[in-house]
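This report refers to the structure that appears directly beneath it.
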Amino acid sequence: MKNKFEMLATAAAGLEAVVGREIRELGIDCQIENGRVRFEGGVKEMIVTNLWLRSADRIKIVVGTFPAKTFEELFQGVFALDWEHYLPLGAKFPIAKAKCVRSKLHNEPSVQAISKKAVVKKLQKHYARPEGVPLMEHGPEFKIEVSILKDVATVMIDTTGSSLFKRGYRTEKGGAPIKENMAAAILLLSNWYPDKPLMDPTCGSGTFCIEAAMMALNIAPGLSRSFAFEEWPWVDGKLFSSLKDEARSARKSDIDLDIVGSDIDARMVEIAWQNARAAGVEDVVSFKQMRLQDWKTEKINGVVISNPPYGERLLDDKEVTRLYQEMGQIFAPLKTWSKFVLTSDELFEEKYGQKADKKRKLYNGTLKVDLYQYFGERVKRPIKEKG
Ligand code: SAH
């Protein structure tokens, strides 16, 4: 295996910069591209990014990039890559995905078939297997992806397995959950810090609150799940264990947090508690059944994050309009609180009754949504008198 190779952390559109910031915080230099962040590293960086990135989707190894306008160029390009550094004899290597965008080659199944042939031929040659005899694929799996954008092919191996948003704590999700990595990214984009109160008045399965608690406690989001690379012979199991041990001991304790979620639906509140227990944060968050309309607080300098129902899916239009109006009325007196509302409703500001200080376009899966951001007025906390 090579000491260094190129990797991509994929991200939902609009979140590349957040993923880039997280990668830099891990001490790894990177370049931000459309939908992904590119960085270099070895096995250690591959493990660390999978374990620690909160906002990314997957980590992929870039085996190579080359121009491919014809099937012959594609075949030769894939054949020329150094597969022997990645795939041991016996490896399973499905071409799991092919994507062609604005390119001469556009038949994705054919791109998959040709790429497969080229890798097979390369491995037969490298491992001195007779051509014409199929390779046995009974060993560890390496999922290969081919993406052709404007006639340039990028060939990758997925290191992650099921997407990184699957942390392993969410067993029940209720009707319309937000992905864990999207919730984490929104928290990272917000001005919430662990010393501020956080409130999610439409908490559903509790994702925002749980992600916030995990951030505050420095819990590695990948600690309770497995990864595709764990099966690979060139990934040193001892290194992986020691990086997991390091992550476990990086967990903070003894910090005071004020993280509260509430939901009108008692069943969702039960699910949120269940998920918080599975994530190991049940002692630092709290959930209760309450209508958004009944929320009051004396606290200052807090942050509200809400992903309310958005029409079609959960409530009808009239009810949504009413709920957004009431939300506006409930939030208005909280001058020192910042508010972040994620919804696909393009008339949100009108219904809520206030124009957002900032709006950010995001995608919740394939649904276009906006993050409406209202920043609280800055006030100094009252200084406690001595004595
Ligand atoms: N972000 C959540 C999903 C939120 S879906 C997650 O990750 O699971 C919207 C939630 O708003 C639903 O759970 C619904 O029960 C709740 N809701 C709808 N009307 C409400 C109201 N008036 N007050 C409080 N919660 C409400």
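Throughout, read-outs are computed from the coordinates displayed, never taken from laboratory work. Please read these numbers as outputs of a predicted model, since none were measured by experiment. When we count neighbours, we look across all protein chains shown, and the Cβ atoms used for this are built from the backbone with ideal geometry, even at glycine.
Points worth noting:
- Gaussian network model of the chain, Cα within-10 Å springs - most flexible of Pro130, Pro177, Pro309: Pro130
- Angle in degrees between helix 266-279 and the longest Cα principal axis of the chain, rounded to the nearest 10: 50 degrees
- Here segment 1-24 is scanned for amide nitrogen atoms under 19 Å from the site 7 Å beyond the Cα of Ser242 along Cα-to-Cβ, giving 1-4.
- Taking 0.890 mPa s as the viscosity and 25 °C as the temperature, the Stokes-Einstein diffusion coefficient of the chain based on its alpha-carbon Kirkwood radius rounds to 107 µm²/s.
- Cross-link pairs exceeding 25 Å in C-alpha to C-alpha distance, out of Lys2/Lys143; Lys143/Lys166; Lys2/Lys252; Lys60/Lys179; Lys288/Lys355; Lys121/Lys238, comprise Lys2/Lys252; Lys288/Lys355; Lys121/Lys238.
- Pair Glu25, Lys252: separation of 7 Å Cα→Cβ label points (nm): 1.1 nm
- By other beta-carbon atoms within 10 Å, ranking Phe5, Phe75 with the fewest at the front produces Phe75, Phe5.
- Taking 0.36 nm per residue of separation and subtracting the Cα-Cα distance, full extension of the segment from Lys380 to Gln124 would add 85.2 nm.
- Where only C-alpha atoms are counted, convex hull volume of segment 1-111 per residue in Å³: 123 Å³
- Separation of segment 330-362 from segment 1-30 is 31 Å, based on Cα centroids.
- Taking Lys358, Lys99, Lys238 as the candidate residues, the one with maximal mean-square fluctuation in a Gaussian network model of the chain, Cα springs under 10 Å, is Lys238.
- Computed extension length for Lys288-Lys335: 14.5 nm, one decimal, from 0.36 nm per residue of separation with the Cα-Cα distance subtracted.
- Whole-angstrom gap from segment 63-134 to segment 181-202, using each part's C-alpha centre: 43 Å
- Segment Glu33-Trp234, extension gain: residue separation times 0.36 nm, minus the distance between their alpha carbons: 69.5 nm
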